[in-house]
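Undergrad: Mind having a look at this structure? Questions to follow.
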Amino acid sequence: MNSNSKIGIFDSGLGGLSVLNTIRSLLPNESFIYIGDSGNAPYGTKSKEEVLRLSTAICDELVASDVKAIVIACNTATSAAVTQLREHYSIPIIGMEPAIKPALKQTEGQVFVLATEMTLKEEKFQKLVESVDEEHRIIKIPAPEWVTCVEEHLEDQNYIKECVSTFLEHHCPNAQNIVLGCTHYIFLKPQIEAYFKGKIEIFDGNMGTALQLKNSLDGLGLLKNDGSAEGTVEIRNTKSEQYVAKSVQLIAQLRK
Ligand code: DGL
């Protein structure tokens with residue numbers, strides 16, 4: 001393993017492709033192996049032990065492919081497994097964090113955090129809230145249906161629009177600030193913005209994770225240093241080849 005090795009990145013499915021996209025915009029010369037565990041999605045409603053087991057199996061596969069770092073592009077897997085994974089592997093393991101710090105800093109009033117059940121109930125998130133939300137402005141909203149929406153219905157614009165607006169109508173029709181604490185939800189940003197007619201501030205943790213990865217690789221002298229060529233992306237998916245093709249298509253869409 002050296003600075004020319006690839007970076008491993010994984011999620012319970014398609015959501016982490018949005019993180020991959022942000023990382024590539026920051027580190028265009030790096031190459032990646034992305035594993036989407038769509039065969040086992042969703043993670044958010046599983047037990048912590050099960051998510052740790054699934055995450056470990058994926059990290060083993062990435063380490064066997066000689067990656068120089070692993071990005072857990074999934075808030076749920078980060079909550080359930082980042083501590084144990086960091087203890088277990090010697091390469092840097094970078095996780096996600098719901099962007100509540102910038103949201104509280106840059107806005108007033110209530111901040112609605114949409115994430116999976118597991119992310120919202122795990123100790124990691126509770127501690128984060130305790131440390132920054134002195135005025136108790138954070139409102140937690142699990143949105144498991146949005147994971148299914150992205151994982152299975154992303155091609156059906158009418159379905160997505162209906163799913164997003166019904167949910168928002170029911171849970172936070174007057175929100176002015178939303179934190180997307182699940183990487184799948186980031187694919188629904190256009191529909192969320194449309195529902196609020198643009199009068200909404202949306203925060204996500206993608207750039208925070210990308211910067212953390214960059215700093216970590218830099219600190220270890222592992223950033224790729226041939227500034228010329230654009231890096232490559234290899235996609236693997238535990239569900240089917242169709243999901244690999246779907247991922248490739250989504251990557252192309254995100255880059256437009
Ligand atoms: N994309 C994941 C996250 O950021 C979880 C989705 C799921 O599998 O429940 O939390």
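Undergrad: Wholly within the range 125-212, which strands (runs of 3 or more DSSP E) include no fewer than the required count, namely at least 2 residues that are within 16 Å of the ligand (Cβ to nearest atom) and open to solvent by 40 Å² or more (accessible area, probe 1.4 Å)?
TA: Qualifying strands (runs of 3 or more DSSP E): 138-142.
Undergrad: Can you name the residue in the range 93-124 that is of a type in the set (D, E, K, R) and closer than 27 Å to Ile192 by Cα and, of all such residues, is nearest to the ligand (Cβ to nearest atom)?
TA: Among those residues, the one meeting the criterion is Glu117.
Undergrad: Pairs needed: first member in the range 109-121, within 17 Å of Lys189 (Cβ to Cβ) and part of a strand (DSSP E or B); second member anywhere, among the basic types (Lys, Arg) and open to solvent by less than 40 Å² (accessible area, probe 1.4 Å); C-beta distance under 8 Å; at least 6 residues apart or different chains.
TA: These pairs meet every condition: Val111/Arg137.
Undergrad: Taking the conditions exactly as written (in contact with a helix residue (DSSP H, G or I) (Cβ under 8 Å, 6 or more places away or on another chain), surrounded by fewer than 22 Cβ atoms within 10 Å (Cβ to Cβ) and assigned to a helix (DSSP H, G or I)), does Val82 satisfy them or not?
TA: yes
Undergrad: Would you pick out the residues in the range 35-47 that are surrounded by fewer than 16 Cβ atoms within 10 Å (Cβ to Cβ) and at pLDDT 95 or above?
TA: Listed by number, the residues that qualify are Gly39, Ser47.
One line per residue, one yes/no per condition, for (1) hydrophobic (A, V, I, L, M, F, W, C); (2) within 10 Å of the ligand (Cβ to nearest atom):
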residue: Met1; (1), (2): yes, no
residue: Gly15; (1), (2): no, yes
residue: Phe32; (1), (2): yes, no
residue: Ser47; (1), (2): no, no
residue: Ile91; (1), (2): yes, no
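Undergrad: Give me a count of the residues in the range 228-256 that are surrounded by 12 or more Cβ atoms within 10 Å (Cβ to Cβ), closer than 13 Å to Leu20 by Cα, touching a strand residue (DSSP E or B) at 6+ places or on another chain (Cβ under 8 Å) and not small (Gly, Ala, Ser).
TA: So the count comes out to 5.
The values are calculated or read from the model by the stated rules, or taken from the named source; none is laboratory data. Being a predicted model, the structure only gives us computed values, none of them experimental. Heads up, the Cβs are rebuilt from the backbone with ideal geometry, glycines too, and the neighbour counts pull from every protein chain shown. To get the accessible areas, we keep the full protein, side chains included, count just its heavy atoms, and leave off ligands, DNA and RNA. Shrake-Rupley method; radii C 1.70, N 1.55, O 1.52, S 1.80 Å.
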